[in-house]
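In what follows, a structure is listed as structure tokens, so that the remarks can point back to it.
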Amino acid sequence: MSENAPARIERRPFGTTPTGERIELFTLTREGAPTVSVTNLGGTIVSIVAADRAGKVADVTLGYSDLAGYLGDTSYFGAIVGRYANRIAKGRFALGGESYTLACNNGPNALHGGPGGFHRRVFAPKVVKGPDGDALELTYVSPDGEEGYPGTLTATIVFSLGADGGLRIEYTAGTDRPTIVNLTSHPYFNLAGEGEATILGHEIEIEADSFTPVDRTLIPTGERRPVAGTPFDFRRPVAVGARIDAEDEQLSAGGGYDHNYVLRGKAGTLRLAARVVEPKSGRALEVLTTEPGLQFYSGNFLDGTVAGKSGRPYLKRGGLCLEAQHFPDSPNQPAFPSVVLEPGETYRQTTVYRLTVAR
Ligand code: BGC
């Protein structure tokens with residue numbers, strides 16, 4: 001059998017920001033792959049349209065119908081999150097004998113790169129040719145001191161569609177001063193289709209034997225706790241909703257699942273991190289990553305106030321996130337894998353989201 005034709009990208013205007021920057025929408029298509037749209041505002045995945053068992057397509061990611069929605073977003077729908085995805089306790093960290101202070105935008109803590117994080121930034125887009133055909137390369141140069149982080153950080157993120165239909169996201173970054181970096185992509189999935197009730201019936205398997213328990217403000221305590229015998233055990237597929245309301249101090253802290261899993265295998269090697277199946281449609285999602293951790297967030301803070309792309313409200317647990325990243329609060333946790341990036345080094349991450357149909 002001949003290889004399927006390489007991916008193609010079409011670009012079109014997506015609107016203009018209040019400061020006059022023209023934003024575009026890039027649509028990647030490839031035979032046998034879902035259709036993926038990404039905007040250079042925040043490197044945001046705007047849609048992933050995938051077939052179900054019967055061949056019926058639906059958009060399986062939560063988001064907005066227009067640019068204005070993304071400009072006002074507070075849920076990080078589909079966005080690239082940086083410079084530091086997840087939380088940093090009290091918005092403080094020390095590096096090379098200096099202390100740094102970040103905005104505390106999530107209770108007492110800093111979350112997702114701060115109010116002006118990467119999700120709000122305009123990336124310079126370029127359509128490049130790679131082994132899989134057209135790929136979208138997005139670059140953002142974050143100035144020294146932006147959102148409180150040291151060093152000029154130049155980040156490049158390449159989105160491509162592999163021959164296996166996987167959406168591949170490849171990150172690289174470099175700095176001119178020692179800094180910290182932890183990037184992720186933040187799509188919310190509902191494999192029944194965005195706007196469909198909840199993800200509680202989705203069955204999920206996570207390739208992790210332990211997770212990092214948190215305090216009431218969702219900062220890791222430093223412990224790595226085995227999942228065995230807890231509602232956090234997804235070593236075999238279990239419905240998200242099966243144990244989400246169990247009496248459990250960790251579930252109560254997160255209002256459901258909002259925890260970092262310590263992935264099996266070697267960080268730096270692309271390996272399976274999680275698999276999700278929506279039994280009715282048969283749509284399945286595989287997440288592969290080179291990262292050491294995976295944040296499983298069950299959409300607990302969605303509350304029906306956002307009407308999504310098709311006008312249907314995004315209810316509590318109307319979508320789930322599987323965010324490949326380093327562990328939360330790593331700059332303050334010496335026992336966690338390091339997030340320090342020195343000048344001359346290259347930060348690298350590859351994460352793949354692959355939609356298939358479960359038989
Ligand atoms: C966090 C949640 C947060 C959500 C939206 C997730 O990565 O773990 O606690 O509510 O992002 O900001």
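The values are calculated or read from the model by the stated rules, or taken from the named source; none is laboratory data. Only a predicted model underlies this, so the values are computations on that prediction, with no experimental measurement involved. Backbone-built Cβ (ideal geometry, glycine too); neighbour counts: all protein chains shown. Please note that ligands, DNA and RNA were not included when accessible areas were found on the heavy atoms of the full protein model with its side chains. Shrake-Rupley method; radii C 1.70, N 1.55, O 1.52, S 1.80 Å.
Here is how the numbers come out for the structure above:
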| quantity | calculated |
| --- | --- |
| Relative contact order of the range 155-245, defined on C-alpha pairs under 8 angstrom at six or more residues apart (%) | 22 percent |
| Rounded accessible area of Glu10 (nearest 10 Å², 1.4 Å probe) | 130 Å² |
| Relative contact order [Cα under 8 Å, 6+ residues apart], the range 1-94, whole percent | 18 percent |
| Spin-label pair Asp176/Ala239, simplified geometry with 7 Å Cα→Cβ offset, distance in nm | 5.6 nm |
| Paramagnetic reach from Thr16 in the range 22-40 [backbone N under 13 Å; point 7 Å along Cα→Cβ] | 22-23 |
| Those aspartates and glutamates that a straight Cα-Cα span of less than 16 Å connects to Lys129, excepting residues fewer than 8 apart in one chain | Glu10, Glu137, Glu170 |
| DSSP-loop chymotrypsin sites (Phe, Trp or Tyr not before Pro) across the range 1-99, with at most 12 other Cβ within 10 angstrom | none |
| The chain: relative contact order in percent, alpha carbon pairs under 8 Å with at least 6 residues between | 18 percent |
| Listed residue (Thr175, Gly107, Tyr76) projecting farthest to the positive dipole end of the chain, Cβ model | Tyr76 |
| Fluctuation leader among Thr172, Thr19, Thr221 - the chain, Gaussian network, Cα springs under 10 angstrom | Thr19 |
| Links that overshoot a 32 Å alpha carbon limit, given the list Lys56/Lys316; Lys90/Lys316; Lys126/Lys309; Lys90/Lys280 | Lys90/Lys280 |
| Cβ-based net charge around Arg264, under 10 Å, with every Lys or Arg adding one and every Asp or Glu removing one | +1 |
| Gained length - Ala5 relative to Arg92, 0.36 nm times residue gap less alpha-carbon distance | 26.5 nm |
| Highest-MSF residue in the chain out of Gly229, Gly113, Gly165 [GNM, Cα springs under 10 Å] | Gly229 |
| With all protein chains modelled, accessible area of Leu218 [1.4 Å, Å²] | 10 Å² |
| R0 of 30 Å, Cβ-Cβ distance Lys126-Val57: FRET efficiency to nearest 0.05 | 0.60 |
| Listed residues Phe301, Phe159, Phe232, most fluctuating in the chain (Gaussian network, C-alpha, under 10 Å) | Phe301 |
| Stretchable slack from Phe301 to Arg216, in nm (0.36 nm times residue separation minus alpha-carbon distance) | 29.1 nm |
